[in-house]
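S.K.: Would you mind keeping the following structure in view while I ask a few things?
The values are calculated or read from the model by the stated rules, or taken from the named source; none is laboratory data. Everything numeric here is computed off the predicted structure, so don't read it as measured data. Neighbour counts run over all protein chains shown; Cβ positions are idealised from the backbone, glycine included.
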Amino acid sequence: MSAAYKIAPVVSLQIVRDRSVRYPVDASDPTNVASLARTMIGSSPVEVFVAIAVNGRHKVLSVSVIAQGGVASCAATLADVFRPAIVAGASGVILSHNHPSGDVTPSPEDLAFTRKVIEAGKILGVQVVDHVIVSDTDSHSMFALGEGGFS
């Protein structure tokens with residue numbers, strides 16, 4: 001009697017560099033994170049979410065645009081956040097997104113999503129270092145201000 005077989009695709013992941021961006025060396029400083037995020041997001045008229053993968057000393061390993069949305073929201077998933085960090089071998093991730101309105105105050109959805117990412121990061125062993133919201137001229141670090149119990 002012979003066994004029945006199906007075909008399963010064999011997949012592999014690799015890092016592909018689309019381009020390089022200049023950034024300040026210390027990615028643990030929210031001001032530097034904001035500068036790096038603005039390099040990726042620019043003055044986008046829609047919300048754009050980036051994930052910055054970092055090593056244990058908060059040195060940048062990669063920067064990935066993980067989601068784009070509308071003028072008032074952007075739907076990133078946990079998989080979107082952690083996929084580039086895991087592929088890069090990161091021990092941490094810094095979240096950043098823009099508010100096209102110019103008001104960098106975190107929304108209740110921003111706070112809830114950040115909490116969810118922190119919990120997932122604990123399970124995966126990837127620390128969430130910060131979540132920085134940027135506009136053309138301003139920025140807001142949720143962790144620097146201890147907002148929402150983040151630190």
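S.K.: Could you check THR39 against (1) polar (S, T, N, Q); (2) surrounded by 15 or more Cβ atoms within 10 Å (Cβ to Cβ); (3) within 25 Å of GLN127 (Cβ to Cβ) and say which number it fails?
M.R.: Single failed check for THR39: (2).
S.K.: Does PRO9 count as more than 22 Å from SER135 (Cα to Cα), under 12 Å from the mean Cα position of the chain (by Cα) and of a type outside the set (Phe, Trp, Tyr)?
M.R.: Values: more than 22 Å from SER135 (Cα to Cα): yes; under 12 Å from the mean Cα position of the chain (by Cα): no; of a type outside the set (Phe, Trp, Tyr): yes.
Judged against the criteria, PRO9 is not a match.
S.K.: Here is a list: VAL132, VAL71, VAL65. Which entry is of a type in the set (Val, Ile, Thr), buried (at least 21 other Cβ atoms within 10 Å of the Cβ) and in contact (Cβ under 8 Å) with a residue 12 or more places away in the chain?
M.R.: Values: VAL71 fails: buried (at least 21 other Cβ atoms within 10 Å of the Cβ); VAL65 fails: buried (at least 21 other Cβ atoms within 10 Å of the Cβ).
None of the others qualify; the one that does is VAL132.
S.K.: Another one. Can you pull out the residues in segment 70-105 that are assigned to a helix (DSSP H, G or I) and not hydrophobic (A, V, I, L, M, F, W, C)?
M.R.: ASP80, ARG83, PRO84
S.K.: Hey, PRO24 hits all of (1) closer than 18 Å to PHE143 by Cβ; (2) at pLDDT 90 or above but one; which does it fall short on?
M.R.: All conditions are met except number (2).
S.K.: Sort through PRO100, PRO84 and tell me the only one that's modelled with pLDDT under 95 and under 15 Å from the mean Cα position of the chain (by Cα). Please lay out each step first, then the result.
M.R.: Working: PRO100 fails: under 15 Å from the mean Cα position of the chain (by Cα).
Of PRO100, PRO84, the one residue that is modelled with pLDDT under 95 and under 15 Å from the mean Cα position of the chain (by Cα) is PRO84.
S.K.: Here's another thing I want to ask about it. Could you say which residue among GLY125, GLY70 is farther than 22 Å from HIS140 by Cβ and either over 15 Å from the mean Cα position of the chain (by Cα) or of a type in the set (A, V, I, L, M) (or both)? Talk me through it step by step, then tell me what you get.
M.R.: Working: GLY70 fails: farther than 22 Å from HIS140 by Cβ.
One residue alone meets the criteria, GLY125.
S.K.: Check VAL54, VAL33, VAL60, VAL48 and return the single one that is in contact with a Leu (Cβ under 7 Å, 6 or more places away or on another chain), closer than 25 Å to LEU124 by Cβ, surrounded by 15 or more Cβ atoms within 10 Å (Cβ to Cβ) and in contact (Cβ under 8 Å) with a residue 24 or more places away in the chain.
M.R.: Values: VAL33 fails: in contact with a Leu (Cβ under 7 Å, 6 or more places away or on another chain); VAL60 fails: in contact with a Leu (Cβ under 7 Å, 6 or more places away or on another chain); VAL48 fails: in contact with a Leu (Cβ under 7 Å, 6 or more places away or on another chain).
Being in contact with a Leu (Cβ under 7 Å, 6 or more places away or on another chain), closer than 25 Å to LEU124 by Cβ, surrounded by 15 or more Cβ atoms within 10 Å (Cβ to Cβ) and in contact (Cβ under 8 Å) with a residue 24 or more places away in the chain holds for just one of VAL54, VAL33, VAL60, VAL48, which is VAL54.
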